[in-house]
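Asker: Structure incoming, see below.
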């Protein structure tokens, strides 16, 4: 037998800087095209869903199909406002980094619908185990913007006491679990939290987030195994924003399937959802929450979106992807799409939108001013004693001695 | 001779090995097309091809497991972990596998891998972009742990690491990438230009693993340091007025015990400086070794100047960071004590 020579395969994206944006086959579906099974349906009967794409809003802003939710218009307007505040805050604080007022920042640009819709779709006691692109969750729940900005500036009033990198928030009262810079390390915490809620016969559920790149981590698979085994009341989300810093989504997917299909091997129903469609995100999240609250176990949701900004203040996306890729994204801008929907409903117009834009700009300006008055990075910081607090519940001799050593 | 910063020197080491040895390949998160978040692999994919320098999924355990498998086959992979703080998901692979493969297989299999990782603080990176985990690796028999302090050493040590038949953890002090840092954050950032150690030969050379450098000769005390702390030590010694000998360990496994003993036997005093937190840090091992081997020469107790026993705190970076003032105080202390 003549031996065939082996060859090492290394995947590459469809387009790089200098190329025209080219997304390849995104496996898109039309609005309203995907069926909506009853939440009690057996997982084995729903294996078409991870290959579809749940979309509710059509190009004219109408809500169409079985996934079209019924949401009070004031909730829609609240969602719109939360997305706009998030975007304006991101722009302002990204600039603040360039002015040396903070060490680091990460924007949610293009992904605002995810945090906003899920925050409003879930109950106050539910716990979100977020990624660093979920600021809209906090904003939609009216987390004080000045407090958030104090964290970004690591100043004296930083709610996390100067201990954590900017944007890696924690806000227990707002259902927002402590973030870490490690990827995927809290995915399993959501499962454990949900199992504990079930153990206590509570009604609260957990929602967990990772990006598509992080599905390559062992943590992702371990969490899904436990979620499946113990039918944990949790919603397991994968935000597929196409880029993990400079690495395209195909690098984590094996370049073949959708991320929602990752649930199939675990017996977890998978939904693939247009992440730029506020109504689709809201509706899919509610569907998964209904399953969780009915003791039917976890759901895996892929939120299909596009990271419109760089990964963080530390990278320039024009070095690894085509310059106009964000504008070419076929699923549009989540803010524009929800705005259009409200206009179509007769509940919004350009004048009110312009007024809200001004109001949001003023809200952000005033919050940042308030935080700046306390101080930006290096101008103000919490008392240095805070460095030694909370290492243990009760400080041991090392902490006590070292605090004295520092003060000498 | 060309002048290089540490990033360029490391890039040059990788370029030399890729050119010289077809069994060397480089992979890690964002190292391919983008050239790495700190630009250490910039241009290598373009020059040497997609298969010699490529991106990986975000999976540190996967990266190291794959590297071990390639090493077992006979390649010499150089894996990058984007930040040393992210290496922990790969800990099982490093400790249970890479460190023991040769031993447990009776010498049948081994993994000559090099794992590069930016490490250490001084850049306001917060808890997960600032840590110094070297003691965790030093504790594991079978792993070598290398920490350069300047561009010349970085290149020579990296080439020596790649050529080593043992697994090497190669920790790059990220605060030194663009210039020396003396632990005085208020001073303007320096570049490597003008520093003799930034004169880096173009081609192949090695700095042997396990050979410390005596950076400054002195008579009154010995300072043991590595990485960023070598530069902090220079400043601290100057501030102290003590005639201290400064030893840059360069690698903590293997450790150049002879140079340490010779120095402490001469000076009779020892201060250990590291950025990592103190308790069970590598300074504990150094202190034990010096005590065991130099007890009768010691004129005062050994001191450790280190980060505090807390997680790395973002806003308190300069309260945490063991700067020159703390070293100077310790040096004056060991001299006065005795």
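Read the figures in this text as sums done on the coordinates, not as results from a lab. Everything numeric in this text was worked out from a predicted model, so none of it was measured. Backbone-built Cβ (ideal geometry, glycine too); neighbour counts: all protein chains shown.
Asker: Averaged over its residues, how many other protein chain Cβ atoms are within 10 Å of peptide B:56-64's Cβ atoms?
Answerer: Mean inter-chain Cβ contacts per residue within 10 Å come to 6.
Asker: Can you give the direction-averaged projected area of the convex hull of the alpha-carbon atoms in the stretch A:18-76, in nm²?
Answerer: Across all orientations, the stretch A:18-76 yields a mean hull projection of 6.7 nm².
Asker: As I understand it, the value is the acute angle between the Cα axis of helix B:60-73 and the longest principal axis of the Cα atoms of chain B; what does it come to in degrees, rounded to 10?
Answerer: The angle comes out at about 70 degrees.
Asker: Another question about this same structure. Please list the three semi-axes, largest first and in whole Å, of the ellipsoid equivalent to the stretch B:8-128, using sqrt of 5 times the eigenvalues of its alpha carbon gyration tensor.
Answerer: Square roots of five times the eigenvalues give 23, 20, 11 Å.
Asker: What nm value, rounded to one decimal, do you get for the distance between residue B:109 and residue B:295 when each label is placed 7 Å out toward the C-beta?
Answerer: Result: 4.4 nm between the two label points.
Asker: Please work out how much length the chain gains when fully extended from residue A:363 to residue A:10, using 0.36 nm per residue of separation minus the C-alpha to C-alpha distance, in nm with one decimal.
Answerer: The residue A:363-residue A:10 span can extend by a further 122.3 nm.
Asker: Using label points projected 7 Å from each Cα along Cα→Cβ, tell me how many nm separate residue A:336 and residue B:265, to one decimal.
Answerer: Between residue A:336 and residue B:265, the label points sit 7.7 nm apart.
Asker: Per q in 0.15, 0.31 1/Å, what log10 I(q)/I(0) does a Debye calculation on the alpha-carbon atoms of the stretch A:156-200 return?
Answerer: -0.48, -1.16
Asker: Regarding the stretch A:278-317, what whole-number volume in Å³ per residue does the convex hull of its Cα atoms give?
Answerer: Hull volume normalised by residue count: 96 Å³.
Asker: Running Debye on the stretch B:267-338 with equal point scatterers at the Cα sites and no solvent, what base-10 log of I(q)/I(0) appears at q = 0.16, 0.24 Å⁻¹?
Answerer: The calculated log intensity ratios at q = 0.16, 0.24 Å⁻¹ are -0.58, -1.06.
Asker: If I build a Gaussian network model for chain A, linking alpha-carbon pairs within less than 10 angstrom, which residue out of A:61, A:211, A:270 has the largest mean-square fluctuation?
Answerer: A:61
Asker: Rounded to the nearest 0.05, what FRET efficiency do residue A:352 and residue A:91 give with R0 = 30 Å and r taken as the Cβ-Cβ distance? Could you check?
Answerer: It comes to 0.90.
Asker: Roughly how many whole Å is it from the C-alpha centroid of the stretch B:135-197 to that of the stretch B:260-338?
Answerer: Here the two parts' Cα centres lie 20 Å apart.
Asker: How large are Rg and Dmax for the protein assembly as shown when only the alpha carbon atoms are used, in Å?
Answerer: 27.3, 89
Asker: Given the rule -39500 (n - 2.57) for each run of at least 4 DSSP H residues, summed and divided by the residues of the protein assembly as shown, what is its mean residue ellipticity at 222 nm, to the nearest 500 deg cm²/dmol?
Answerer: -10500 deg cm²/dmol
Asker: Just checking the output field for A:209-216: average partner chain Cβ neighbours within 10 Å of each residue's Cβ?
Answerer: Other-chain Cβ atoms within 10 Å of each residue's Cβ, averaged: 3.
Asker: Using only Cα atoms, what is the ratio of the radius of gyration of the stretch B:171-249 to 2.2 N^0.38 Å?
Answerer: That ratio works out to 1.17.
Asker: Here's another thing I want to ask about it. Equivalent ellipsoid semi-axes for the stretch A:105-169, as square roots of 5 times the alpha carbon gyration tensor eigenvalues: give them largest first, rounded to whole Å.
Answerer: Taking √(5λ) for each eigenvalue gives 21, 13, 10 Å, largest first.
Asker: By counting other Cβ atoms within 10 Å of each Cβ, how are A:10, B:147 ranked from fewest to most?
Answerer: Lowest count first: A:10, B:147.
Asker: Give the value in nm², to one decimal: projected area of the alpha carbon convex hull of the stretch A:1-141, averaged over all directions.
Answerer: 16.3
Asker: In whole Å, what is the distance between the alpha-carbon centres of the stretch B:4-47 and the stretch B:49-75?
Answerer: 14
Asker: Also, I was wondering about something else. Taking just the alpha-carbon atoms of the stretch A:176-285, what radius of gyration and Dmax come out, in angstrom?
Answerer: 13.9, 44
Asker: Could you tell me how many degrees, from 0 to 90 and to the nearest 10, lie between the Cα long axis of helix B:282-294 and the main elongation axis, the longest principal axis, of the Cα atoms of chain B?
Answerer: 60
Asker: Over all alpha-carbon pairs in the stretch B:86-202, figure out the percentage whose distance exceeds 20 Å.
Answerer: In whole percent, the long-distance tail amounts to 50.
Asker: To make sure I understand, if each residue's beta carbon is the centre and we count other beta carbons within 10 Å, what order do A:137, B:308 fall in, fewest to most?
Answerer: If I rank by nearby Cβ atoms, fewest first, I get B:308, A:137.
Asker: Here's something else I'd like to know. As a test, work out the antiparallel percent of DSSP beta bridges whose residues both lie in the protein assembly as shown, rounded to the nearest 5.
Answerer: Antiparallel bridges make up about 15 percent of those DSSP assigns within the protein assembly as shown.
Asker: Could you work out the pair-distance distribution P(r) of the stretch A:251-291 from its alpha-carbon pairs, with 5 angstrom bin width and percents rounded to whole numbers?
Answerer: The percentages, shortest bin first, are 5, 21, 21, 25, 17, 9, 1.
Asker: Translational diffusion coefficient, Stokes-Einstein: compute it for the stretch A:133-182 using the Kirkwood radius over C-alpha pairs as Rh, at 37 °C and 0.692 mPa s, and state it as an integer in µm² s⁻¹.
Answerer: The calculation lands on 303 µm²/s.
Asker: Using R₀ = 22 Å, calculate the FRET efficiency as 1/(1 + (r/R₀)^6) where r is the Cβ-Cβ separation of residue B:141 and residue B:258; round to 0.05.
Answerer: In this case the efficiency is close to 0.65.
Asker: Then there is this: What whole-number distance in Å separates the alpha-carbon centres of the stretch A:83-133 and the stretch A:143-197?
Answerer: 12
Asker: Go ahead and set up a Gaussian network model of chain B, Cα springs under 10 Å, then flag whichever of B:281, B:203, B:35 fluctuates most.
Answerer: Highest fluctuation among the options: B:203.
Asker: Looking only at Cα atoms, what is the convex hull volume of chain A per residue, in Å³?
Answerer: About 189 Å³ per residue, rounded to a whole number.
Asker: Let me ask something else about it. Between the helical axis of B:6-20 and the dominant principal axis of chain B, each derived from Cα atoms, what acute angle in degrees is found, rounded to the nearest 10?
Answerer: So the helix axis and the longest Cα principal axis differ by about 40 degrees.
Asker: For the stretch B:152-214, what is the convex hull volume of its Cα atoms per residue in Å³?
Answerer: 108
Asker: Once label points are set 7 Å from the Cα along Cα→Cβ at both residue A:222 and residue A:178, what is their separation, rounded to one decimal in nm?
Answerer: Distance between the two pseudo-spin positions: 1.8 nm.
Asker: Sort A:237, B:270, A:29, B:294 by Cβ crowding within 10 Å, fewest neighbours at the top.
Answerer: Ordered from fewest to most neighbouring Cβ atoms within 10 Å, A:237, B:270, A:29, B:294 come out as A:29, B:294, B:270, A:237.
Asker: When you take every Cα atom in chain B, what is the radius of gyration, and what is Dmax, the widest Cα pair distance, in Å?
Answerer: Spelled out, the Cα radius of gyration and Dmax of chain B are 19.4, 61 Å.
Asker: What is the Cα coordinate range of the stretch A:323-408 on the first, second and third principal axes, sorted by size from largest, in whole angstrom?
Answerer: Cα extents, longest axis first: 65, 31, 30 Å.
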